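The values are calculated or read from the model by the stated rules, or taken from the named source; none is laboratory data. Note that the coordinates shown come from a computational prediction; the quantities given were computed from them, not determined experimentally. A quick note on method: Cβ atoms are made from the backbone with ideal geometry, for glycine too, and the neighbour counts reach across all protein chains shown.
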Amino acid sequence: MDKLAIIGGRPLYGVVPISGAKNSALKVMAASLLSDAPLTLTNVPRLADVDMLLKLLEQHGAQASFEGSTLTLHAKDIISTEAPYDLVRKMRASFNVLGPLLARESKAKVSLPGGCAIGARPVDLHLKALTAMGAVIELDEGYVIAEAPDGLKGAAISLPFVSVGATEHTMLAAVLAKGDTSIDNAAREPEIADLAACLNAMGAKISGAGGTTIHIEGVDRLHAAEHEVLPDRIETGAYAMAVGVTGGELTLKGAKADLLGAALPVLEEAGLVIDETDVGLRVRKPEGLCKSVDIITQPFPGFPTDLQAQFMAMMATADGASSIKETIFENRFMHAPELSRMGAKISVDGQTATVRGVKRLKGAPVMATDLRASMSLIIAALGAEGQTMVNRVYHLDRGFERLEEKLAHCGALIERVKE
């Protein structure tokens, strides 16, 4: 199992190209199952999660061509409506093939996704939305078996709480449903609007994406289209926070300030100087420690849960004490003990972590528990004294494209150690 060896204490200078957003790419890839015509996607990151979903889509009958960051998917014929456990269990986003298969073929058998280290993340809202649209659903030995003999029908869906996954899944199913669908209390993340833009390019009729109510007018079929995946706001925030720990100046090529939501003013309050340029965002940190800032994770445009771990790493060497409250996922402070191994002073009480900044962390062997926790350890290691060995970096390969290459080009001493 690969490890990353990092010797900290070097400021970062240079250009980091921001990849396409993984969380958007996976959902627009699933949209390819809705049409018998080709879907060409650009700015697609080359990640383990993308490769896993590709295998599942090919199993359903899609033909794929991946050149550089351009991915063409052509699901002319659906040869299987079953998504087996061995493929779905590895990545939750795979579950989102259920809606497209049901919408196009009127039936599907999809394995329930496995739990994960940051909580159970149930899919009951997904299934309730599909049921409201006329699907007959039963659970059998870990599989969702769904049928819609007369096709899906438009419905008024009101989500009891904001759910990105349920919002996206309902959109994917509703575009081919008969009649109109509305989604109230919809998620407002930029990836929602990106999925809507892709589906509309394919001939769907979606309005309101990015707001709290989304309207979808069902169409009979979708056609060929091209779509550019938006830049990854989580990668953007993570590299900005790395500058907060190491100092220096990075140009985040392709990054967009408006995608950061509440994270942008938080980073600026902590002491980072962030400017928009013709090519992206320029991030620099003046001399001295960052300032401590309190945050509460919330759905977009609030502070994203997917940047909470990285922010904790930055606060570990900030001036003062900061409070970090996690409201989205349970069990999402598992990086705290690993940061403590490096000298961070962190106490956790339920959903809230208190971080008391120290002047410098010290390198240590640490273990990544999930994707975002992995990046928090990388950020901490970049500013730490001595060497840090980050174990279980396969998590990073799921969500950060060419991580060590990008950091090394900006002056970091980082090397992958293969075992």
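So the values come out like this:
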{"item": "Output for the range 174-208, where each listed residue is of a type outside the set (A, V, I, L, M) and assigned to a loop (DSSP other than H, G, I, E, B)", "result": "179, 185, 188, 189, 203, 208"}
{"item": "Single residue of 110, 88, 44 found to be surrounded by 18 or more Cβ atoms within 10 Å (Cβ to Cβ) and more than 21 Å from the chain's Cα centre (by Cα)", "result": "110"}
{"item": "Residue in the range 69-76 that is modelled with pLDDT of 95 or more and exposed (fewer than 14 other Cβ atoms within 10 Å of the Cβ) present", "result": "yes"}
{"item": "Any chance residue 261 is buried (at least 16 other Cβ atoms within 10 Å of the Cβ) and without any contact (Cβ under 8 Å) to a residue 24 or more places away in the chain", "result": "no"}
{"item": "Selected residue (only one of 398, 332, 372 is surrounded by fewer than 20 Cβ atoms within 10 Å (Cβ to Cβ) and either assigned by TED's automatic domain parsing to the domain that holds residue 272 or touching a Phe, Trp or Tyr at 6+ places or on another chain (Cβ under 6 Å) (or both))", "result": "398"}
{"item": "Some residue of the range 300-312 being in a strand (DSSP E or B) and over 18 Å from residue 374 (Cα atoms)", "result": "yes"}
{"item": "Selection from the range 335-362 of residues that are under 20 Å from residue 375 (Cβ atoms), over 26 Å from the mean Cα position of the chain (by Cα) and not in a loop (DSSP other than H, G, I, E, B)", "result": "341, 362"}
{"item": "Residue identified as touching a residue at least 40 places away in the same chain (Cβ under 8 Å), touching a strand residue (DSSP E or B) at 6+ places or on another chain (Cβ under 9 Å) and in a loop (DSSP other than H, G, I, E, B) among 222, 250", "result": "222"}
{"item": "In the range 47-56, residue nearest to the chain's Cα centre (by Cα) [restricted to those that are closer than 19 Å to residue 82 by Cβ and surrounded by fewer than 22 Cβ atoms within 10 Å (Cβ to Cβ)]", "result": "52"}
